[in-house]
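Heads up: the structure comes next, in structure tokens.
The values are calculated or read from the model by the stated rules, or taken from the named source; none is laboratory data. This is a predicted model, so every value here is computed, not measured. Neighbour counts are summed over all protein chains in view; Cβ atoms, including those assigned to glycine, are modelled from backbone coordinates with ideal geometry. SASA here: full protein model, heavy atoms, side chains in, ligands and nucleic acids out. Shrake-Rupley method; radii C 1.70, N 1.55, O 1.52, S 1.80 Å.
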Amino acid sequence: SHLRLGERVGVGWLGHACGTCPYCAALEENLCDAPVFTGCTRDGGFATHTVANANFVYPLGEAGDDAALAPLLCAGLIGWRTLKMAGEGRRIGLYGFGAAAHIIAQVARHQGREIHAFTRPGDEAAQAFARSLGAVYAGPSDAPAPELLDAALIFAPAGELVPQALRAVRKGGRVVCGGIHMSDIPSFPYRWLWEERKILSVANLTRADAHEFLALAPKAGVTTHVTPYPLAQANDALDDLRHGRLKGAAVLVP
């Protein structure tokens, strides 16, 4: 095994992939036909103990606080894959400035990109948070972008943001949806998609994504902002998340 007994490791969303389906054979294990997902199709995540496949866990080293590292394994990894799918564009819009966006904003700034953040209307605290992490613009998601974007990354599960993001990106620009679930996308005129704009979705992650990102995060100086909750208060954490009462990421601590 690549692991040493007693070392600290992290468990990601993708708990196992079959290794034999056409997607796994094409190095697209995130699209595996028979996957296992941590805390969804395998118990764990919201638990004091979990079973994990050794080939799908990641050494984290011994430096740093457990709670501070936890968001890297979910929000960070999905955010990283979302950012990669945005291409090489320099001006990036982030719709929904929560757990994933606050990490990826730091990575994108490290890469020399320009960040524009869009939050729930009236959420001035989230807008100030985005500016504190290097966003050159932060405003409500129902307002037009001040400049055309090369790509827009949508982390909020709100389908109505897709047409808004399409209107914010330049010709040939990309709108990348980073969530597993999103409410229905309302109809919109074809001209908003025309000129080779693209709508993409991100599904899960690969182990290669994880190794790339976990090596990059310390080089980029990523600092996570976390609100810890005892495990018994998991429902409170979900309620706070649902209503936008969090800054950064919620972390359950057994």
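Key figures for this structure:
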quantity: Neighbour-limited loop hits for chymotrypsin sites (Phe, Trp or Tyr not before Pro), the range 145-254 (at most 12 other Cβ within 10 Å; DSSP other than H, G, I, E, B); calculated: TRP194
quantity: Cleavage-rule hits, GluC sites (Glu not before Pro), the range 195-254, DSSP coil, Cβ neighbours within 10 Å at most 15; calculated: GLU195, GLU196
quantity: Percent RCO, i.e. relative contact order, over the chain, from Cα pairs under 8 Å lying at least 6 residues apart; calculated: 19 percent
quantity: Which of THR38, THR20, THR119 is most accessible, then next, and so on - probe 1.4 Å; calculated: THR20, THR38, THR119
quantity: Per residue solvent-accessible surface (Å²) - the chain, probe of 1.4 Å; calculated: 51 Å²
quantity: Cut-off 15 Å, label 7 Å out along Cα→Cβ of ARG90, residues of the range 137-175 by amide N; calculated: 147-151, 170
quantity: Solvent accessible area, Å² - CYS18, 1.4 Å probe, full protein context; calculated: 50 Å²
quantity: Loop sites in the range 39-105: trypsin sites (Lys or Arg not before Pro), DSSP, at most 16 other Cβ within 10 Å; calculated: ARG90
quantity: Difference of contour (0.36 nm per residue) and Cα-Cα distance, ASN55 to ASP142; calculated: 27.0 nm
quantity: Solvent-accessible surface ranking, highest first, for SER187, SER132, SER141 at 1.4 angstrom; calculated: SER187, SER132, SER141
quantity: Hits among aspartates and glutamates - C-alpha to C-alpha of LYS84 under 18 Å, sequence gap 8 or more where chains match; calculated: GLU28, GLU29, GLU114, ASP150, ASP209, GLU212
quantity: Reported label for calculated semi-axes √(5λ) of the Cα gyration tensor in Å given (i) 32, 24, 16; (ii) 44, 21, 16; (iii) 30, 21, 17; calculated: (iii)
quantity: Distance between modelled label sites at ASP43 and ASP240, nm, 7 Å Cα→Cβ extension; calculated: 2.7 nm
quantity: Percent accessible area from carbon and sulfur atoms, the chain, protein chains only, probe 1.4 Å; calculated: 55 percent
quantity: Cut-off under 5 Å, modelled amide H: who pairs with ALA138 long-range; calculated: ALA117
quantity: Order of exposure, largest accessible area first, which applies to GLU29, GLU62 with probe 1.4 Å; calculated: GLU62, GLU29
